[in-house]
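**Student:** Below is one structure. I have some questions about it.
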Amino acid sequence: LNIANRFATLSHLLLWCIVILLTAIPSDAASKKEWQTGVMQIRGNNTFRSATLFRFTYLKPASLFSKTRFSEWRLRSDIDVIRKFYRNQGFMESKVSVESLIRDTVKMKVNVVISVAEGPRTGINNVYLRATDSIFDSTIITRLACHKGSFLISSLISTDLKMLKEQLALKGFLDGIVVPDVSIDSSRYLADITFTVQEGPQIKIGDIKIDGLKKLRTKFVSRELNFRDGDVLTSERIRKTENNLYRTNLL
């Protein structure tokens, strides 16, 4: 009985030692001093939801299934990302800053509040297209994403540039370029956009050479071409030729 009591006492002491050791060992986050994001808030964002803005940032609010390692360099970078997002959406005078940053040394988490002062949003006063009259039809200006009364959004300008270049390629101006110019009246928060089109030469087909064939005959490939010597080379003819060749299932 005495031996059993001693054994029970030793077992309790051993158990307490294990508990003390486990509680004394610092967590991985604490030992490595890896701070993580905790609660993150954005205030003053009246136009865009916080979830929308956090889609573009590296640091994310802590959630049950995801954690983000925190660094002040990342936070400064994210502030700049949000600021650029607002400028690209027409808020030319927007300001973004860190309102508060609180470190929880127990949980090794950082709680951050980001402040946004949106300011007025710049709209579009007029859109102009400078191009040779014969290149585009009269409806081209109405097909632009940028138009009078809408907001100055950089992605829409890019969309219009792509559309205008595609229209040039459809007419054989494969080397044509489009240059945008944005003039902002900061006193009225209005902008004029001018798209200047430099069509360059219209490309025509010269000699046609077919190289790289091993098993297929040249005449078999030639009959699938959507252009001939002397034709205007357009993006549509190139696309149809590619489709014709792939549809044969031999390439």
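The values are calculated or read from the model by the stated rules, or taken from the named source; none is laboratory data. Predicted, not measured: the structure shown is a model, and the values here were computed from it. Virtual Cβ from ideal backbone geometry, glycine too; neighbours counted across all protein chains shown. Ligands, DNA and RNA are excluded from the accessible area calculation, which covers all protein heavy atoms including side chains. Shrake-Rupley method; radii C 1.70, N 1.55, O 1.52, S 1.80 Å.
**Student:** I'd like the full set of residues that are free of Cβ contacts under 8 Å to residues at least 12 places away in the same chain and touching a Cys at 6+ places or on another chain (Cβ under 7 Å), limited to the range 138-194.
**Tutor:** The answer is 156, and nothing else.
**Student:** List the residue pairs whose Cβ atoms are under 6 Å apart, where the first residue sits in the range 62-83 and is under 19 Å from residue 45 (Cβ atoms), the second is open to solvent by 60 Å² or more (accessible area, probe 1.4 Å) and in a loop (DSSP other than H, G, I, E, B), and the two are 6 or more positions apart or on different chains.
**Tutor:** 78/58; 81/56
**Student:** A further question follows. Please indicate, with yes or no, whether at least one residue in the range 204-220 is buried (at least 17 other Cβ atoms within 10 Å of the Cβ) and out of contact with any Cys (no Cβ under 9 Å at 6 or more places or on another chain).
**Tutor:** no
**Student:** Which of the residues spanning the range 45-104 are part of a loop (DSSP other than H, G, I, E, B), of a type in the set (Asp, Glu) and farther than 29 Å from residue 124 by Cβ?
**Tutor:** Quick first cut of the range 45-104, residues part of a loop (DSSP other than H, G, I, E, B) only: 45-49, 55-68, 70-71, 89-94.
Still in the running and of a type in the set (Asp, Glu): 93.
None; the set is empty.
**Student:** Kindly indicate the residue of the range 138-164 that is of a type in the set (Lys, Arg) and out of contact with any strand residue (DSSP E or B) (no Cβ under 6 Å at 6 or more places or on another chain) and also farthest from residue 191 (Cα to Cα) among those meeting that condition.
**Tutor:** 162
Listed here are the residues, each with its yes/no results for (1) in contact with a Lys or Arg (Cβ under 7 Å, 6 or more places away or on another chain); (2) of a type in the set (Ser, Thr, Tyr); (3) modelled with pLDDT under 95.
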residue	(1), (2), (3)
136	no, no, yes
164	no, no, no
181	no, no, no
188	no, no, no
197	yes, no, no
201	no, no, yes
216	no, no, yes
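**Student:** Given the criterion exposed (fewer than 11 other Cβ atoms within 10 Å of the Cβ) and either farther than 20 Å from residue 233 by Cα or over 30 Å from the mean Cα position of the chain (by Cα) (or both), identify the matching residue among 160, 137, 192.
**Tutor:** That would be 137, the only listed residue that is exposed (fewer than 11 other Cβ atoms within 10 Å of the Cβ) and either farther than 20 Å from residue 233 by Cα or over 30 Å from the mean Cα position of the chain (by Cα) (or both).
**Student:** If we keep just the residues of the range 51-68 that are open to solvent by 50 Å² or more (accessible area, probe 1.4 Å) and modelled with pLDDT under 95, which is farthest from residue 103 (Cα to Cα)?
**Tutor:** Looking at residues that are open to solvent by 50 Å² or more (accessible area, probe 1.4 Å) and modelled with pLDDT under 95, I get 65.
**Student:** Go through the range 89-116 and count every residue that is out of contact with any Leu (no Cβ under 9 Å at 6 or more places or on another chain), open to solvent by less than 80 Å² (accessible area, probe 1.4 Å) and more than 18 Å from residue 40 (Cβ to Cβ).
**Tutor:** The total comes to 2.
**Student:** Could you pull out the residue among 135, 210 that is assigned to a loop (DSSP other than H, G, I, E, B), aliphatic (A, V, I, L, M) and in contact with a strand residue (DSSP E or B) (Cβ under 8 Å, 6 or more places away or on another chain)?
**Tutor:** Values: 210 fails: in contact with a strand residue (DSSP E or B) (Cβ under 8 Å, 6 or more places away or on another chain).
Within the list 135, 210, the selection yields 135.
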